[in-house]
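The values are calculated or read from the model by the stated rules, or taken from the named source; none is laboratory data. Bear in mind that the values here come from a model prediction, so they are computed numbers and not experimental data. All Cβ positions, glycine included, derive from the backbone under ideal geometry; neighbour counts span all protein chains shown. All accessible areas refer to the heavy atoms of the entire protein, side chains included, with ligands and DNA or RNA removed. Shrake-Rupley method; radii C 1.70, N 1.55, O 1.52, S 1.80 Å.
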Amino acid sequence: MRSFFVPLVLFLAGFATTAVADEHRLQPLAYNQPDLIVDLGVGLWAWPLPMDYNDNGLTDMVVVCTDRPYSGVYLFANTGNADPETGMPVFAAAERLGDAVDNAQVSFVDGEPYVLSPGKVYPDFKETAFEEAIELPVDRPVHDGEGRVRANQWKHVDFNDNGVKDLMVGVGYWGDYGWDDAYDDNGQWTNGPLRGYVYLLRNDGTNDEPDYVEPRQLMTTDGEPIDVFGRPSPNFADFTGDGKPDLLCGEFRDGFTFYRNVGSREAPLFAPGRPLTHNDERLSMDLCMITPVAYDFNGNGHMDLVVGDEDGRVALVEHTGEVIDGVPRFLPPRYFQQEADNVKFGALVTPVGFDWNGNGRDDIIAGNTAGQIAFIENLSGDPIQWAPPKLLEADDEVIHIQAGPNGSIQGPAEAKWGYTTLTVADWNHNGLPDLVVNSIWGKVIWFENVGTREEPRLAAAQPVEVAWEDEPPKPEWNWWDPEGSQLVTQWRTTPVAIDWTGNGLTDLVMLDHEGYLALFRREEQDGDIVLLPGERVFRLEDEDGPLRLNERSAGGSGRRKLHAVDLDGDGRLDLLVNSMNADIYRNLGEEDGMTVFRDEGPVDTRELAGHTSSPTTIDLAGDDEPEILVGAEDGFLYHMPMP
């Protein structure tokens, strides 16, 4: 069994040549459990298009995903079976139908599904997916404001009930919000909010020869524009059962706003927006960047919501049939299920290969964008079977680190992100593996294992503290200051806890507050083990100065995922560094007190990251022949054997 504090030795003779291989070596890690049911999911960002795709009377789930490497449009066919525990329908594993397009939307007019993207409609979607498009005759911008439009969501509606299809467009406008680094000294956001506007393009022509008039921004009866917090995903349907279509919008974050039609079918008028609630609390999704679609999923005559989440999952938000004080009531989200295929944990998954339960098999401990940490157990077998991710708890509460209103340098739109990244190590030198964690905050913390080697149990988070000589440093754009002696560095960068110096104590290697790779040494002083301030003692062989892995500021800072391992068996710790998949930084030894690395490039040609990847190593088969394991942007795990 590999001990968790001994450097892993891999033999990689000729390894760099794999970067020019014709075929990808990195392959998805499969559950290998044919009877296992897990949450239905694509990669980062789910755009659901519910419909009876194969015309067998069952609602299938078509989902568009635009991230890397999972980008595409996927069919999850309805098996006709239900999960015995939840009663939710079970869908087959994903079948790729073709390439994706941005801002794909499905709308239903007279019960028929119409799939649109900005300026286009796809009349033969079931046959050709997004390959054949008809350009819609709209030659003017829908939203003229200066700034950044991200969401651009087009739908067919019959707005005035005349049998002719009009266009409704949701616009997510970022011109007032900006992007990042706009907090004052008290943590108040000084830029504006995200905007989520809705426009109508009335069709004065026919369905065969449409003639769309100038876009008109939809207003409420109090004269205010319909405006939600970005990404409006407008749904024009009868939610109250009075025969008149209302308007229901999502947002960039996690909630829903309902605008009741107080006019008529022929001339809709919308009352001011009201949030959807459940049991007197605001109804919300687990994550951000939601995409709701109005669809009567259970066929009971009440319009439900099928909602895509940021992490690629899709949920049913079921209409209860009740309308209270003019607002429809919905149940909390329940996530659709699928037959298990490849192992997935959220998005931008950050794995660590480690035998967590002490049974001699390497498991996976992983973080994700939602700020969670999971244990993915290796169940052995040939091929190896994996258990679904199990969320870890600390002090008997699920670990869930989130930014809240001012914890993300990119602003309050990211309130529900957490970006956990971690290392498993014996931080307090008591023989048990602990967790050392960084996140969206840049506060480095650790969770002490107060259980046993076979049954780990985590205590509440504690700050990692440094014996600073002066005031604790911090990134210059942080509006808040470190507390006490805590280590605050750049966000979303891995704290690599490992005995780098070889003195038997667990050091810390990670980016410092200015983006330099630093060594925080552990030393024994007066009977206590202390963590010393970071030293910039690393450089690349062709550079004179210390190794700076990120020189950007604010939202562009941090984001570096690292793993330390002896790749070539020479006794020196090398680095795997996030890139399109994982770059090798080979340790060439010390020179003038600096550890010198050679950047040998990526381990494969497969692109796993638009934002970031996260590499580690894992002994999958327990044969002392570890593999490279990379957490990808899409939340799936990709592995490859060593040469």
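In the condition set (1) out of contact with any Pro (no Cβ under 8 Å at 6 or more places or on another chain); (2) assigned to a strand (DSSP E or B); (3) under 27 Å from Trp427 (Cα atoms), Thr612 is compliant with all but (2). From the list Gly230, Gly273, the lone residue that is touching a Phe, Trp or Tyr at 6+ places or on another chain (Cβ under 7 Å) and at positive phi is Gly230.
Of everything listed in (1) open to solvent by less than 20 Å² (accessible area, probe 1.4 Å); (2) farther than 30 Å from Tyr183 by Cα; (3) of a type outside the set (A, V, I, L, M, F, W, C), the single unmet condition for Thr369 is (2). Of everything in region 620-642 that is among the charged types (D, E, K, R) and closer than 25 Å to Tyr419 by Cα, the residue that is most open to solvent (accessible area, probe 1.4 Å) is Glu627.
Checked against (1) assigned to a strand (DSSP E or B); (2) open to solvent by less than 20 Å² (accessible area, probe 1.4 Å), Phe236 passes all but a single condition, namely (2).
Contact annotation: residue pairs with Cβ atoms under 9 Å, 6 or more positions apart or on different chains, pairing a residue in region 419-432 that is open to solvent by 40 Å² or more (accessible area, probe 1.4 Å) with a partner that is polar (S, T, N, Q), are Asn428/Asn449; Asn428/Thr506; His429/Thr506; Asn430/Asn449. Out of the residues in region 586-606 meeting the condition of being in contact with a Ser or Thr (Cβ under 9 Å, 6 or more places away or on another chain) and part of a loop (DSSP other than H, G, I, E, B), tell me which one is surrounded by the fewest Cβ atoms within 10 Å (Cβ to Cβ). Within region 586-606, the match that is surrounded by the fewest Cβ atoms within 10 Å (Cβ to Cβ) is Thr605. Note on region 317-348: among residues that are open to solvent by 10 Å² or more (accessible area, probe 1.4 Å) and of a type in the set (A, V, I, L, M), the one that is nearest to Thr79 (Cα to Cα) is Ala340.
Taking each residue of region 118-139 that is free of Cβ contacts under 8 Å to residues at least 40 places away in the same chain and looking for partners that are open to solvent by 40 Å² or more (accessible area, probe 1.4 Å) and of a type in the set (Val, Ile, Thr) with beta-carbon atoms closer than 7 Å, six or more apart or interchain, yields Lys120/Ile134; Val121/Ile134; Pro123/Ile134. Residues in region 573-585 that are part of a loop (DSSP other than H, G, I, E, B) and either open to solvent by 20 Å² or more (accessible area, probe 1.4 Å) or closer than 14 Å to His611 by Cα (or both): Ser579, Met580, Asn581.
Beta carbons closer than 9 Å, at least 6 apart along the sequence or on distinct chains, pair a first residue in region 214-238 that is closer than 10 Å to Thr257 by Cβ with a second that is acidic (Asp, Glu) and open to solvent by less than 50 Å² (accessible area, probe 1.4 Å) for Val228/Glu251; Phe229/Glu251; Pro232/Glu251. Does region 265-273 contain at least one residue that is over 30 Å from His319 (Cα atoms), in contact with an Asp or Glu (Cβ under 6 Å, 6 or more places away or on another chain), open to solvent by 70 Å² or more (accessible area, probe 1.4 Å) and touching a residue at least 60 places away in the same chain (Cβ under 8 Å)? The answer is no, given that none of the residues of region 265-273 is over 30 Å from His319 (Cα atoms), in contact with an Asp or Glu (Cβ under 6 Å, 6 or more places away or on another chain), open to solvent by 70 Å² or more (accessible area, probe 1.4 Å) and touching a residue at least 60 places away in the same chain (Cβ under 8 Å). Listed by position, the strands (runs of 3 or more DSSP E) inside region 440-537 whose residues that are over 20 Å from His400 (Cβ atoms) number at least 2 are 496-498, 507-511, 517-520, 522-525, 528-531. Check whether at least one residue in region 182-192 is open to solvent by 50 Å² or more (accessible area, probe 1.4 Å) and either of a type in the set (A, V, I, L, M) or closer than 14 Å to Phe229 by Cα (or both), and report yes or no. Yes, region 182-192 contains a residue that is open to solvent by 50 Å² or more (accessible area, probe 1.4 Å) and either of a type in the set (A, V, I, L, M) or closer than 14 Å to Phe229 by Cα (or both). List the number of the failed condition for Asp574; all other conditions in (1) free of Cβ contacts under 8 Å to residues at least 40 places away in the same chain; (2) over 24 Å from His513 (Cα atoms) hold. For Asp574, the exception is condition (2). Being farther than 29 Å from Val464 by Cβ and either touching an Asp or Glu at 6+ places or on another chain (Cβ under 9 Å) or in contact (Cβ under 8 Å) with a residue 24 or more places away in the chain (or both) holds for only one residue in Glu551, Glu607, and it is Glu607. Is it true that Gly558 is open to solvent by less than 20 Å² (accessible area, probe 1.4 Å), assigned to a loop (DSSP other than H, G, I, E, B) and not hydroxyl-bearing (Ser, Thr, Tyr)? Here the answer is yes, as Gly558 does meet what is asked.
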